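Inspection log for the structure reproduced underneath, given as structure tokens.
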Amino acid sequence: MKYADFKKRVADAVTFSPLDFLPHDQDRDLLKLQVSQWKKNGLLVPLKKNLYVLHKDDRKITPSRIYIANQLVFPSYVSLETALSFYGMIPERVYAVTSVTSKKTNQYTNSFGTFTYKSLQPFRYFGYELLRDENGMAVFIANKEKALLDFLYFNVPVKDIKNAGFIESFRLENLEELDHGKLVHYVKLFRSKKLDILCQSADIWKQCEGNHSK
């Protein structure tokens with residue numbers, strides 16, 4: 001198959017696995033050889049093994065990094081620093097894209113950046129929504145409350161859960177926009193002693209106590 005023909009086949013796919021577009025009359029091994037050559041020539045941009053986007057001059061949409069994060073690992077949702085930055089809750093610009101998955105911890109690096117995946121037990125895999133990125137593509141991302149809890153769960157050592165100075169070092173912003181009732185409910189669902197203690201002692205909860213679920 002010529003590259004021009006393959007490009008037409010995948011034209012509407014933002015990311016794709018080439019073998020999913022294998023013509024019924026073409027040999028699988030031959031397509032693998034062609035894909036290898038197209039990749040070598042820069043026509044296909046690898047995201048991970050068997051997942052690609054077209055060269056920037058050939059694709060209709062350049063996917064956002066949060067969209068790519070969803071595609072690299074399924075199931076997963078964007079959370080922690082990346083989601084907090086998305087919601088304007090931390091001042092720093094975030095370079096790596098951090099997600100949560102019920103699968104194993106993992107990391108991928110490609111031409112779009114670094115994508116890190118934190119593993120959570122299935123019963124802690126909740127609190128995410130289907131939103132639209134800048135291209136209008138559907139992406140799974142933690143809501144504000146779950147993004148904060150995921151962040152604290154993975155970043156606050158047990159020895160520092162009562163250390164207000166350590167937590168303040170994260171420079172969290174716009175906490176008054178959080179739903180306190182939802183936070184408390186999520187802490188119960190999380191079933192983490194660390195978050196239980198943190199919820200009882202940290203000043204960050206007081207900053208959002210005025211905002212409750214209806």
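What follows is calculated from the coordinates using simple rules that are stated; it is not laboratory data. Small disclaimer: the values here were computed from a predicted structure and weren't measured. When we count neighbours, we look across all protein chains shown, and the Cβ atoms used for this are built from the backbone with ideal geometry, even at glycine.
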(message) Using the Karplus curve 6.51 cos²θ - 1.76 cosθ + 1.60 with θ = phi - 60°, what ³J(HN,Hα) values do you get for each residue of segment 82-92, in whole Hz, with x for Gly and Pro?
(response) 5, 5, 4, 5, 4, 8, x, 9, 10, x, 6
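What's the extension gain from N41 to E168 if we count 0.36 nm per residue and subtract their Cα-Cα distance?
Details: separation 127, 0.36 × 127 = 45.72 nm, distance 4.89 nm.
Residue separation times 0.36 nm, minus the Cα-Cα distance, leaves 40.8 nm.
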(request) Provide the net charge surrounding Y108, with neighbours chosen by a C-beta distance below 12 Å and charges set as Lys +1, Arg +1, Asp -1, Glu -1. (result) +3
(request) For Y125 paired with K32, estimate the spin-label separation in nm (one decimal), with each label point 7 Å from Cα along the Cα-to-Cβ line. (result) 2.9 nm
(message) I need the phi-derived Karplus couplings for segment 53-63: 6.51 cos²θ - 1.76 cosθ + 1.60, θ = phi - 60°, integer Hz, Gly and Pro marked x.
(response) 10, 6, 3, 4, 7, 10, 8, 6, 10, 8, x
(request) Report, by chain and number, residues whose modeled amide H sits under 5 Å from the one on S99, excluding near sequence neighbours (fewer than 5 apart, same chain). (result) S79, T116, Y117, K118
(request) Treat the count of other C-beta atoms within 10 Å as a stand-in for reagent exposure and order S119, S64 from fewest to most. (result) S119, S64
(request) Could you work out how far apart the two model spin labels at F74 and N50 are, taking each label as a point 7 Å from the Cα in the direction of the beta carbon, and quote it in nm? (result) 1.2 nm
(request) Take the alpha-carbon centre of segment 49-82, take the same for segment 97-160, and report the distance between them in whole Å. (result) 14 Å
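Report, in listed order, any pair from K40/K118; K144/K193; K118/K159; K118/K193 with a Cα-Cα distance greater than 26 Å. Working shown, then result.
Working: K40/K118 32 Å; K144/K193 21 Å; K118/K159 21 Å; K118/K193 19 Å.
Correct reply: K40/K118.
Once you order the gyration tensor axes a ≥ b ≥ c over the Cα atoms, which shape class does segment 63-173 get: rounded for a/c under 1.5, otherwise prolate or oblate by comparing a/b with b/c? Present the calculation step by step, with values, prior to reporting the outcome.
Working: a/c = 1.72, a/b = 1.45, b/c = 1.18.
Here segment 63-173 falls in the prolate category.
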(message) Using a 7 Å offset from the Cα along the Cα-to-Cβ direction at both E92 and N106, what is the distance between the two label points in nm, to one decimal?
(response) 2.6 nm
(message) Suppose we keep just the DSSP beta bridges with both residues in the chain; what percent of those would be antiparallel, to 5?
(response) 75 percent
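So for R9, R124, fewest C-beta neighbours within 10 Å to most, what's the order?
Details: R9 15, R124 19.
Final ranking by Cβ density, sparse to dense: R9, R124.
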